[in-house]
Structure formats: structure tokens, C-alpha cells
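Q: The structure that follows is given in the form of C-alpha cells.
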Amino acid sequence: MGAVATSPPNYTAAFAQNEVPRGPVVTSVGIPENGSLGAQVVGLMQAIYSYGGAMLYEIRNSKIYILAEYLRRSLGIASL
């Protein structure tokens, strides 16, 4: 996350996927003047997938916290 926070935007990928022109980063509450609904849906899906990935990471860490419980459940061993 530190690298992402300090690196500049990847304008080449942004233009290839959503036709976002090179320029200053502009934030808005609704759909921007030159934006499209498709670009907004892509942003929404990125937020949903990011949240889901973070939750999977936390679930995995909570399972590994108690290693014996994690191994018993993941391997399906009832007598460990």
C-alpha cells in the first residue's frame, strides 16, 4: 500500500480500460461531466472486490491464529 500511495497514476492502463485521458486526478461525488456510467460501475466493482479480498485475508488470519483448529477444519480431521 505504501508503493501505491506514493506512485503516480498509471495513465496508460486507465486510458486503455476506461478511456481516461492523461491529466490531473479529479474526484467527484456523482458521475463526472466527461465520465460514463460504465466507468462508475468499474470503480464500484473494484471497491467490492477490494473489500471482499480484505475480508478473506482477515478470515484466513483468524483461522491460522489457532493452528490446531485451522488444520483440523481444513483437513477434515475430527480426532486431532
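Q: Being among the aliphatic types (A, V, I, L, M), out of contact with any Leu (no Cβ under 9 Å at 6 or more places or on another chain) and in a loop (DSSP other than H, G, I, E, B) is the filter here; which residues of the range 18-60 pass it?
A: 20, 25, 26, 29
Q: When the residues of the range 46-80 are narrowed to those that are of a type in the set (Phe, Trp, Tyr) and modelled with pLDDT under 75, which ends up farthest from the chain's Cα centre (by Cα)?
A: My answer is 70.
Q: Residue 43 fails exactly one of the following numbered conditions: (1) surrounded by 10 or more Cβ atoms within 10 Å (Cβ to Cβ); (2) modelled with pLDDT of 80 or more; (3) not β-branched (Val, Ile, Thr). What is the number of that condition?
A: (2)
Q: What are the pairs, 6+ residues apart or on separate chains, where a residue within the range 1-23 that is farther than 12 Å from residue 42 by Cβ and among the polar types (S, T, N, Q) has its Cβ under 7 Å from a residue that is loosely packed, with under 10 Cβ neighbours inside 10 Å and at pLDDT below 80?
A: That search, which allows pairs on different chains as well, returns nothing.
Q: Do you know which residues across the range 24-43 are in contact (Cβ under 8 Å) with a residue 12 or more places away in the chain and either under 23 Å from residue 54 (Cα atoms) or of a type in the set (A, V, I, L, M) (or both)?
A: Matches in the range 24-43: 25, 39, 42.
Q: Are there any pairs with C-beta distances below 9 angstrom linking a residue in the range 66-80 that is polar (S, T, N, Q) and surrounded by 10 or more Cβ atoms within 10 Å (Cβ to Cβ) to a residue that is modelled with pLDDT under 75 and in a helix (DSSP H, G or I), with the two at least 6 apart or on different chains, and if so which?
A: Close Cβ pairs (under 9 Å, with a partner that is modelled with pLDDT under 75 and in a helix (DSSP H, G or I)) amount to 74/63.
The values are calculated or read from the model by the stated rules, or taken from the named source; none is laboratory data. Note that the coordinates shown come from a computational prediction; the quantities given were computed from them, not determined experimentally. Counting neighbours? That spans all protein chains shown, and the Cβs are built from the backbone with ideal geometry, glycine included.
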